[in-house]
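Below is one structure, written out as structure tokens; comments come after it.
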Amino acid sequence: MTDSPWRSERFANRVRARHATVHALLEAGHRRRSIGRQLNMTHRTVKSLADAAKPEDLFRGQWQHNRTSVLDEYKPYLDERWDEGCTNAWKLWEEIVPLGYRGSYGRVSAYLREKRTSPRPVTAQPPAPRVVTRWNLSRPETLTEIEQLRQGRPCQLP
């Protein structure tokens, strides 16, 4: 991926192409109004594309992934509470409002949704008590090598 300020390369390529087309038509002597009719764009779109020296000047809003957020100051607190097991977005929002957060619940919810859907490290589940009991009551020669290793330390991986 190139060093694009946009999250979506497809969006970036579309803006670059539209910017190049508008500037090519302007250099060919077309007026902004005729460019808008020709390309089926509003006068505001044509104006913003024509006024921008390069496509990156059009970069703003939701496509900006290095943009600061009102939530940035509270993310360490949210991460800490998440690690403690509190995953309720409404409760966490209610906790950071008294701390000075002035943003919306939706922004907190979106941040936590990213955490929910991101891949988590795989952790081994400890064996069930019934399995450990079977290991302890079985003859050692009937257990597999892994079961024999885990019999001595059931909460750890071999």
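The values are calculated or read from the model by the stated rules, or taken from the named source; none is laboratory data. In this text the structure is predicted, and so the values were computed from the model without any measurement. All Cβ positions, even for glycine, are placed from backbone atoms using ideal geometry, and neighbour counts span all protein chains on display. These area figures cover heavy atoms from the full protein model, side chains too; ligands, DNA and RNA do not enter into them. Shrake-Rupley method; radii C 1.70, N 1.55, O 1.52, S 1.80 Å.
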Could you check segment 127-154 and list, in sequence order, the residues that are surrounded by 10 or more Cβ atoms within 10 Å (Cβ to Cβ), in a loop (DSSP other than H, G, I, E, B) and at pLDDT below 85?
PRO127, ALA128, LEU143, PRO154
Taking segment 5-32 and keeping residues in contact (Cβ under 8 Å) with a residue 12 or more places away in the chain and open to solvent by 80 Å² or more (accessible area, probe 1.4 Å) leaves ARG7, ARG18, ARG32
May I ask you to list the residues in segment 106-122 that are over 19 Å from GLU80 (Cβ atoms) and either of a type in the set (Phe, Trp, Tyr) or modelled with pLDDT under 85 (or both)?
THR117, PRO119, VAL122
Residue match in segment 108-126 (condition: of a type outside the set (A, V, I, L, M, F, W, C), on the phi > 0 side of the Ramachandran plot and open to solvent by less than 100 Å² (accessible area, probe 1.4 Å))
no
